[in-house]
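For reference, the structure discussed in these notes is given below.
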Amino acid sequence: MNTKKVKNMNNDKNALYNLLEDDDFLVYTPVMQKILETEKDADQFVREYQDSANPSLRARAFEMGRVLKLRNRRKHFISDVVQSKVALWDALLDVNFQLNPALSKQKVQQLFDKLANACPEAADMKQFSAALKRIDLAMTKEDVLGADLYLLEEVLQTRLGSSILLCVIAQQLAARMDLAVSVVLYRGRHCICDAHGVLLDPVDAWKLIRVKSISKVHYCSDKDILVMVLCQLFLSAMLDGSLNGIHRIGTILTGLCGGKLSDLPFPIGKKSRN
């Protein structure tokens, strides 16, 4: 590379960095996006300016560093899920973290422990149904598409959630009692089911259902459950117009399918309708 070209590149970079000092959100945000398009450039900026005496550049470096950290975490997460290296509970926590980077796994564990300690012991599905009602773990009767219904932290705090998250939490509670249950689909509803075909339906207040033929029940794999939660969160982000949610959850979903968010049609991705 000749000296003139290197000089021009440095001049362009300095011009971008000068714009980052502007306090106008509409000025510095597009510049940050431009730098973040190339991970090498973004890493270099963060390293150079994270301890800068210039408060504006230091703040931009902090913001970009946070974006890079989330981006790298998504990459590792997608790889771990594809290779089946992550348990469902941990995967759902990682998804929660993408939408709330301030999430504390310790706090979530404390919320679960509090719920588990309040849950009466159960030796069978009938007793377990009563125990789940006792701790008020229930389906919401409002806004069934709200993102908070599909996030572990929120559901554990409010004890209100979507049927699929309630089933996952119930499965974790059952495991503490040595009660083996699976998350299944039965007549379009997510339920928990034991080895004898006894179901508990969270939509109907954990009603006990005895299935005559187990062939009528579809057992959900961990990946089935994760993808369903991701799809619901993506839909919720679309309805709310949450650009962060669309980008972060959409990137995970497309990554699990071997693609990229940019492969989706406009306006989410770059592909034209024609």
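The values are calculated or read from the model by the stated rules, or taken from the named source; none is laboratory data. Just so it is clear, the structure is predicted and the values come from calculations on it, not from any experiment. Every residue, glycine among them, receives a Cβ derived from its backbone with ideal geometry; neighbour counts consider all protein chains shown.
A few notes on this one:
- Test: residue in the stretch 56-73 that is of a type in the set (Ser, Thr, Tyr) and not assigned by TED's automatic domain parsing to the domain that holds ILE35: no
- All positions within the stretch 60-96 that are charged (D, E, K, R) and farther than 25 Å from GLU37 by Cα: LYS85, ASP90
- Residues being under 27 Å from the mean Cα position of the chain (by Cα), in a helix (DSSP H, G or I) and loosely packed, with under 12 Cβ neighbours inside 10 Å - total across the stretch 31-54: 2
- Scanning the stretch 162-198 for residues that are under 15 Å from LYS133 (Cα atoms) and among the aliphatic types (A, V, I, L, M) yields LEU166, ILE169, ALA170, LEU173, ALA174, ILE192.
- Selection of the stretch 196-237 for residues being among the aromatic types (Phe, Trp, Tyr) and in contact with a strand residue (DSSP E or B) (Cβ under 7 Å, 6 or more places away or on another chain) yields TRP206, TYR219.
- The stretch 95-132, residues that are of a type in the set (S, T, N, Q) and touching a helix residue (DSSP H, G or I) at 6+ places or on another chain (Cβ under 6 Å): ASN96, GLN98
- Filtering the stretch 230-264 to residues that are surrounded by fewer than 17 Cβ atoms within 10 Å (Cβ to Cβ) and either of a type in the set (Phe, Trp, Tyr) or in the same structural domain as LEU165 (by TED's automatic domain parsing) (or both) leaves nothing.
- Hits in the stretch 142-164 (condition: among the acidic types (Asp, Glu) and closer than 15 Å to ALA116 by Cα): GLU153
- Conditions (1) surrounded by fewer than 17 Cβ atoms within 10 Å (Cβ to Cβ); (2) touching a Ser or Thr at 6+ places or on another chain (Cβ under 7 Å); (3) touching a residue at least 40 places away in the same chain (Cβ under 8 Å); number of the one not met by LEU20: (1)
- Screening the stretch 187-220 for residues that are closer than 21 Å to GLN232 by Cα and β-branched (Val, Ile, Thr) and picking the one that is surrounded by the fewest Cβ atoms within 10 Å (Cβ to Cβ) gives VAL203.
- Taken over the stretch 141-152, the criterion of being buried (at least 17 other Cβ atoms within 10 Å of the Cβ) and more than 20 Å from LEU88 (Cβ to Cβ) is satisfied by GLY146 alone.
- Test: GLN127 is of a type outside the set (A, V, I, L, M) and free of Cβ contacts under 8 Å to residues at least 24 places away in the same chain: yes
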